[in-house]
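Before any comments, here is the structure.
The values are calculated or read from the model by the stated rules, or taken from the named source; none is laboratory data. Values in this document were obtained by computation on a predicted structure and should not be read as measured data. Please note: Cβ atoms are built from the backbone with ideal geometry, for glycine as well, and neighbour counts cover all protein chains shown.
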Amino acid sequence: MSETVNPAVEAVRQVVQRARAAQAIADGWSQARVDDVVAAAAWAILEPGRNRALAEQAVADTGVGNVGDKIRKNHRKTLGLLRDLHGMRTVDVVAEYPERGLVEIARPVGVVAAITPSTNPAATPANKILNALKARNAIVVAPSPKGRGTCAKLLEFIHAQFDRVDAPRDLVQMLPGTITREATAVLMREADLVVATGSQSNVRAAYTCGTPAFGVGAGNVAGIVDETADCEAAAGRIVRSKTFDNATSCSSENSVVVVRAAHERLVAALEARGVALLDDTRKAALQRVMWPGGKLSGDVIGKSAREIAAVAGFHDLAQRADLRVLMVTESDYGAAHPFSGEKLSPVLALYVAQDFDDARRIVQGIYNYMGAGHSVGLHSTIATRALELGLRLPVARVIVNQAHCIATGGSFDNGLPFSLSMGCGTWGGNNFSDNMNVRHYMNLTRISRPIAERIPALEDLLGPFFEKHGR
């Protein structure tokens, strides 16, 4: 009796087969050829008219974020990644270490399955596509159902640019038909590498699919403002970060922990920039609107502060043209205090700490609930405090005196790689703690040649131990 073939499963397998055939062609390309194809894919989204079309469709399809910031994100993240990749060798020999007798050769991983979220339906796929192409891979994107139309338009633009440089279109594809969990699961099993950005359920599915995978941790960033901070500058950075694309970024602050000595100055500076501090009655009303039944409502995700105020019935705030952020005071954390978690909207929780040590303790408590491994913000003039946070908090990044969501994923004024996928280390349930970059999309083959033998004397290595403890 013949086995019944599931048409949806077969369609995914055919996409992967075409990707493998295209990748076999790319495997033989020179560095110059690879870079030409990467440039073509980058120009597909960087060209201003196409960028705007993608941003407009993203907001129309998902209802998340705003067009202006998505245009800036598409441009900035793609341009920054293109800068990071410029001149980088990813073909043949990429590094030599004569003193160690080692040569490193870059090799593709094959077919990449890219799981992408609705919050960035153009920028995140573009980032993964450029990294995959630079490493001579093929890539198949699994967008969110709401982001399908934007992803399809992005691929349409990329394929048109591929035609200009005579590159196979099947190097970049997306799931066919309706986007379902089942189709995504098949893609992950059939691919050679999975790179997953988005919900923690998607990340867990990636890690358990049987294919090597990189996934990201949960966002829930806290920022500390200490007593030495320039509160005007800190407030400007926080509002810029919290309002960018209506706080859809996992790197957007969800809590601000201010040392008591700076509390009044910071609140005044925030209020001057359109932040409305709610009283307890309105805090309770907002909580009911944001977490009906205990789950964050889609009615607030990626919406503006004025839209959220209208939903909550705060009609006076909804009419304020300058309203940018809603803020509530909080003193605890955990499931019983939902404002201590990720909100994906321009809503901030404000904690007041007695001193810097207390601020660090509060952030630790927040991350024990949600957000461990991601990053922490610090606004301070005391340089050693960043080191203290890096040594003691469960974070992969300490972002000092910067607009957090702009800086964490790489910026032109810091040294982090441009990325929209933040590894959170074992703290966040991840197997890496970097900003995901092209090195995660390649294999390295190492040639080892003999060098002059160097055998250390036992006393050189264990002498101090022997002197302290005896033999």
Item to complete: Answer with yes or no whether ASP61 is in the same structural domain as PRO168 (by TED's automatic domain parsing), of a type in the set (Asp, Glu), under 30 Å from LYS146 (Cα atoms) and touching an Asp or Glu at 6+ places or on another chain (Cβ under 9 Å).
Response: no
Response to the item:
Filter the range 445-471 for residues that are assigned to a loop (DSSP other than H, G, I, E, B) and in contact (Cβ under 8 Å) with a residue 60 or more places away in the chain; the one that is surrounded by the fewest Cβ atoms within 10 Å (Cβ to Cβ) is PRO450
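Here's the yes/no breakdown for (1) polar (S, T, N, Q); (2) buried (at least 24 other Cβ atoms within 10 Å of the Cβ); (3) under 21 Å from the mean Cα position of the chain (by Cα):
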residue	(1), (2), (3)
ILE139	no, yes, yes
ALA142	no, yes, yes
PHE157	no, no, no
ALA160	no, no, no
ASP166	no, no, no
ARG169	no, no, no
LEU187	no, yes, no
ASP192	no, no, no
Practice prompt. Scan the range 215-230 residue by residue and report those that are surrounded by 21 or more Cβ atoms within 10 Å (Cβ to Cβ), at pLDDT 95 or above and β-branched (Val, Ile, Thr).
Written response: VAL221, ILE224, VAL225
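Okay, residues lined up against (1) buried (at least 17 other Cβ atoms within 10 Å of the Cβ); (2) within 18 Å of ALA305 (Cβ to Cβ); (3) in the same structural domain as ALA407 (by TED's automatic domain parsing):
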site	(1), (2), (3)
ALA247	yes, yes, yes
CYS250	yes, no, yes
VAL256	yes, yes, yes
LEU270	yes, yes, yes
VAL275	yes, yes, yes
ASP280	no, no, yes
ARG288	no, yes, yes
Item to complete: Within the range 109-128, track down each residue that is over 15 Å from the mean Cα position of the chain (by Cα) and surrounded by 24 or more Cβ atoms within 10 Å (Cβ to Cβ).
Response: VAL111, VAL112, ALA113
Discussion item. Residue pairs, Cβ under 7 Å, 6 or more apart or interchain, first in the range 185-205 and polar (S, T, N, Q), second part of a helix (DSSP H, G or I) and at pLDDT 95 or above. List them.
Written reply: THR197/THR124
Response to the item:
In the range 15-34, anything of a type outside the set (A, V, I, L, M), without any contact (Cβ under 8 Å) to a residue 12 or more places away in the chain and part of a helix (DSSP H, G or I) is listed as GLN17, ARG33
Worksheet entry | Pairs with Cβ under 9 Å, 6+ apart, first in the range 47-65 and within 20 Å of SER304 (Cβ to Cβ) and without any contact (Cβ under 8 Å) to a residue 12 or more places away in the chain, second of a type outside the set (A, V, I, L, M) and assigned to a loop (DSSP other than H, G, I, E, B) | VAL59/GLY65; VAL59/ASN66; VAL59/GLY302
Practice prompt. Could you check GLY49 against (1) part of a helix (DSSP H, G or I); (2) under 19 Å from ALA135 (Cα atoms) and say which number it fails?
Written response: (2)
